[in-house]
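The values are calculated or read from the model by the stated rules, or taken from the named source; none is laboratory data. Computed from a prediction, not measured in an experiment: that's the story for all the values here. Counting neighbours? That spans all protein chains shown, and the Cβs are built from the backbone with ideal geometry, glycine included. Keep in mind that these areas ignore ligands, DNA and RNA; they rest on the heavy atoms of the full protein, side chains included. Shrake-Rupley method; radii C 1.70, N 1.55, O 1.52, S 1.80 Å.
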Amino acid sequence: WFLICFYCTFGGYITKYLFESIQALFMKNSVLNTGDPGALFGGMIGNVGNSVAWMTGFLLLTMVIVFGGVSGGIEKFCKIAMPALFFLLIAVVIRSCTLPGAGPGLKFLFYPDLTMWKTDFFEVVRLAGGQMFFSLSLGMAIMVTYGSYMKKNEDLQENAVIIPIADTLIAVMAGVAIMPAVFASGQDPAAGPGLLFITLQTVFSAMGSLGPVFGTLFYGLVFIAAITSSISLVEAVSSAIMDRAIEKNKP
C-alpha cells in the first residue's frame, strides 16, 4: 500500500506535467513555455490540494484499468502501452544523444568508476540489490500474481530470462535518454527528483519550438511507466483480497 501511495503521488505529478506539455504544444504562453521550471515544480509540490487532485485522478485511472480485468483491462492496455513506451524512449534517446555536449553524459553512464568497489564493496552490492528487487518487482507478489494468470503452455524459464534482459535494456535506454541531455545543458546529474521535473524541463525549454514536442514524448513515456507499475501493485493487492474472499465463501 505504501508503494501504491508513492506511485500515485509520482504519477499525479507526471500527469500534471504531461497535461501542461500538451498545452504547451498549442499555447505559446503556457506555463511550461514561459515559466521557470524550478518555480513551477516548487509551486506544484507546495499546493497540497492540487497535488492530491492529480494523485486521485491517477489512482482512479489505475483502478478503472484494473477493474476491467486481466484480459479486458490490464492486458489490452499493456499491449498498447509497452510498445509505445519503447518507441517513445527511442525517440527521446536519439534527440538526447544528438544534443551538442552530450558526450560527457554518455561517459558518465558507461565509463566504469571502480573507486566505490575499493572503498565500500558491500554498499555497492546493497544499492544494486535494492535496485534489482525494486525494478523487477521481486518480493511484492506481483510476479506471483501475474504468473498465476499465465497459460499452461507458457515457458516459465524462457520468460524468466526475457524479463530481466528487457528490464535492463529499458533501464539503460532511460539513462541514455536523460544523462546526455543533462550534461549537454550543464545541469547537475545528482539533482534527485528535480532531475526529472526541473533539470529536464530546463533542457526541453532550451530546445525552442521542439521543446514541447519532446517534453510531451518524454512525460508520456514516464506516465506509461508509472501507470503500468501502479496497475501491477493494485492488481497484486486486489487479487489477494478476492482470493481470500473466495476461500472464505467455499462450503
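Here is how the numbers come out for the structure above:
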| quantity | calculated |
| --- | --- |
| In segment 95-112, residue nearest to Thr168 (Cα to Cα) [restricted to those that are free of Cβ contacts under 8 Å to residues at least 24 places away in the same chain and open to solvent by 100 Å² or more (accessible area, probe 1.4 Å)] | Phe110 |
| Residue tally, condition open to solvent by 20 Å² or more (accessible area, probe 1.4 Å) and of a type in the set (Asp, Glu), over segment 222-249 | 2 |
| Test: residue in segment 194-204 that is open to solvent by 40 Å² or more (accessible area, probe 1.4 Å) and either touching a helix residue (DSSP H, G or I) at 6+ places or on another chain (Cβ under 8 Å) or among the basic types (Lys, Arg) (or both) | yes |
| Where a residue in segment 58-69 is closer than 11 Å to Gly11 by Cα and its partner, wherever it lies, is crowded, with 17+ Cβ neighbours inside 10 Å, with Cβ under 6 Å and at least six apart | Phe58/Cys8; Phe58/Gly11; Phe58/Gly12; Phe58/Thr15; Leu59/Cys8; Thr62/Ser230; Thr62/Ile231; Thr62/Val234 |
| Single condition Gly175 does not satisfy, out of (1) open to solvent by less than 50 Å² (accessible area, probe 1.4 Å); (2) touching a Lys or Arg at 6+ places or on another chain (Cβ under 9 Å) | (2) |
| Filtered residue count, segment 39-51, keeping only those that are open to solvent by 30 Å² or more (accessible area, probe 1.4 Å) and either basic (Lys, Arg) or in a helix (DSSP H, G or I) (or both) | 9 |
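Here's the yes/no breakdown for (1) free of Cβ contacts under 8 Å to residues at least 12 places away in the same chain; (2) of a type outside the set (Val, Ile, Thr):
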| site | (1), (2) |
| --- | --- |
| Ala171 | no, yes |
| Gly208 | yes, yes |
| Val222 | no, no |
| Leu233 | no, yes |
